[in-house]
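Please treat every number below as a calculation from the coordinates, not as lab data. Just so we're clear, the structure is a prediction, and the values are computed from it rather than from any experiment. Using ideal geometry, Cβ is built from the backbone for each residue, glycine included, and neighbour counts are taken over all protein chains shown.
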Amino acid sequence: MVGAGAGMNAPEARSGARAAHDVVPDARGSGSGAPGGMVKRLLGGVLPRLRGDRPDSGRAGVPGLARRWRVLLTVLPALVVVLLAAAGPALAPHPVDHPVGMPFADPAAGAPLGTDRLGHDVLSGLLHGGWGLLLLAAAIAIGTTLLGAVLGALAALRPAWGRLIEGSADFAILIPAVLGILLVLTSWPTAGIAGLLLVALLFGVPYCARVFAAAAAGIAATGYVEVARASGETLPHLVFAEVLPNLREVIAAQLGLRFVAAVYLVSTASFLQLPATLGATNWAVMVRDNGSGIVLNPWAVLAPGLAIAVIAVSVNLAASALGRTERS
């Protein structure tokens, strides 16, 4: 009787065990009938859409909307800094040459960052001193990157030109750009900002062209470039239609790096008070002139120094983020 009852209940026991296994989640919480498993299935369908993942990509976790938000958050600081530097003179609470208190006074209601060595408002000087540096650094960065990209593409397509560019880059690397600017601007005082721009391009383009030549070498050996050559396309067509469009990420990265280098060069020229200075309210000039009072009012030195660092780093990060967006 007992054995028969046990035999009759065995299938039911096995069925109950399977049912319990289906209902009770395993160690990973993936049970098909468990509330956790149900929630996990629902979230598995909703979370990718909230994150902006593309369901048809075939890869888990491919960013979509989340990637765009990260790019926006990376670019936003650069946009804010650039807008503040451009609109700074209109937002300044005081004229840049108007004393508002004692020299190196502590921050107060009329001067949130205190005063400098002449009693001028540090915040007003900070808002006035960025647009010139930003404009000149952007011109140097754009000119260096574009000329370097064209020369690098030419070097990849014409090896003889590539050897010439490599030799020029080696010569430019041997002489520091700061030393070259110092020698040229002191011996040519009337050069002004145009001279600084010319010297910065002269020392920056060969190195940048070498980077682009290395990046374009693989593109120049691809099949579609060979087909374009065989079909009789001109060299400008090969450079601007076949090679450069495939170097967008490298161009964005180099643009950010060249901007940082340009900010460094322009700030150094202003700090050394070379003939190509951008005025008395330049951030580098503020750091140099107020260094003697850093103990009395540190903001007179820290504020322009941090402004230079923030504008360089934020623009570099923004260019890199845009380059990654172009690649994806």
Check: Which three lengths, in whole Å and largest first, does the stretch 187-328 cover when its Cα atoms are put on their principal axes?
Finding: 70, 39, 18
Next item on the list: Could you work out the mean projected area of the convex hull around the alpha carbons of the stretch 67-166, in square nanometres to one decimal?
Entry: 10.6 nm²
Check: How far apart, in nm, are the 7 Å Cα→Cβ label points at residue 183 and residue 227?
Finding: 5.0 nm
Checklist line | Normalised contact order of the stretch 178-328, rounded percent, pairs of Cα under 8 Å and 6 or more residues apart | finding: 29 percent
Notebook entry, point to check: If you count, for each residue, the other Cβ atoms within 10 Å and average over each peptide, how do 231-237, 194-200, 67-73 line up from highest to lowest?
Noted result: 194-200, 67-73, 231-237
